[in-house]
Amino acid sequence: MINKIIPSVEQALANIHDSATVMIGGFGGAGQPAELIDALIAQGARDLVIVNNNAGNGETGLAALLKARRVRKIICSFPRQADSQVFDGLYRAGELELELVPQGNLAERIRAAGAGIGAFFTPTGYGTELAKGKETREINGKMYVLEHPIHADFALIKAECGDRWGNLTYRKTARNFGPVMASAAKVTIASVHEIVELGSLDPESVVTPGLYVQRVVQVPRSATGPAGFKAA
């Protein structure tokens, strides 16, 4: 019997190893799997490569993982903002490597990994520092840059509901990078607020099929999210 439900976040993350590439869902605080990040900090894996839209807010969630010195490199599109002091300090001190990727390219590089695409051409970034050292090509009179997929060992994502097969639904903007990251990782670990009986989810409403999910763990819904924002 297929049952992907794991009884605790600690067990769900137990085999994340040093130097792993880990995708973490979220757009700022929306859809950020805070409980999984906290468990990853406690778990102790080091020298990680993190793929995320940004580089953390304040000193909680992803920022706390950076502050714990567990991350060697971060691949993201939006590393700096008013409360990104943890990233700023580590990056300026030369303790954190950054690969800056335009947001659309980031999403497409992750999607390409899940779709089995070897590489793709995009106009975004042509003529800038981000295109240095990359292959370029003129197509129909327009210049493009060759970008490669981003694969991951693990993906940590947040969903609203899940069943024992790993089928997932999301709540509004909390969906963001979750679906594409789930398809691009060898092991996808999803936190959900509700576990439902098999067959309860309308197939038309399932965003991430269980095929892409290896572990589901239930976490309680908190009153507030990162930085005091109302939880999704």
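The values are calculated or read from the model by the stated rules, or taken from the named source; none is laboratory data. Please read these numbers as outputs of a predicted model, since none were measured by experiment. No Cβ is skipped: glycine too gets one built from the backbone with ideal geometry, and neighbour counts run over all protein chains shown. We work out accessible area using only protein heavy atoms, side chains counted, and drop any ligands, DNA or RNA first. Shrake-Rupley method; radii C 1.70, N 1.55, O 1.52, S 1.80 Å.
Check whether at least one residue in segment 144-165 is β-branched (Val, Ile, Thr) and open to solvent by 20 Å² or more (accessible area, probe 1.4 Å), and report yes or no. Write out each step before concluding.
Taking segment 144-165 first, the residues β-branched (Val, Ile, Thr) are 145, 150, 157.
Add one more test, that the residue is open to solvent by 20 Å² or more (accessible area, probe 1.4 Å), and what stays is none.
Checked segment 144-165: no residue is β-branched (Val, Ile, Thr) and open to solvent by 20 Å² or more (accessible area, probe 1.4 Å).
Quick one: which helices (runs of 4 or more DSSP H) sit completely within segment 53-123 and have at least 2 residues that are in contact (Cβ under 8 Å) with a residue 60 or more places away in the chain, open to solvent by 50 Å² or more (accessible area, probe 1.4 Å) and more than 24 Å from residue 18 (Cα to Cα)?
103-115
Going through segment 183-205 one residue at a time, which ones are open to solvent by 40 Å² or more (accessible area, probe 1.4 Å) and without any contact (Cβ under 8 Å) to a residue 40 or more places away in the chain? Lay out the reasoning, then the answer.
As a first pass, look at segment 183-205 and keep what is open to solvent by 40 Å² or more (accessible area, probe 1.4 Å): 186, 194-195, 197-200, 202-205.
Hits for segment 183-205 are 186, 194, 197, 198, 199, 200, 202, 203, 204, 205.
What's the number of the condition residue 137 fails, among (1) open to solvent by 70 Å² or more (accessible area, probe 1.4 Å); (2) not in a strand (DSSP E or B)?
Condition not satisfied by residue 137: (2).
Of the residues 41, 37, which is buried (at least 20 other Cβ atoms within 10 Å of the Cβ) and assigned to a helix (DSSP H, G or I)? Steps first, please.
On the way: 41 fails: buried (at least 20 other Cβ atoms within 10 Å of the Cβ).
Every option except 37 fails the conditions.
List the pairs whose first member sits in segment 1-20 and is farther than 15 Å from residue 187 by Cβ, whose second member is assigned to a loop (DSSP other than H, G, I, E, B) and among the hydrophobic types (A, V, I, L, M, F, W, C), and whose Cβ atoms are under 8 Å apart, counting only residues at least 6 apart or on separate chains?
Listed pairs, sorted by first residue: 2/165; 18/45.
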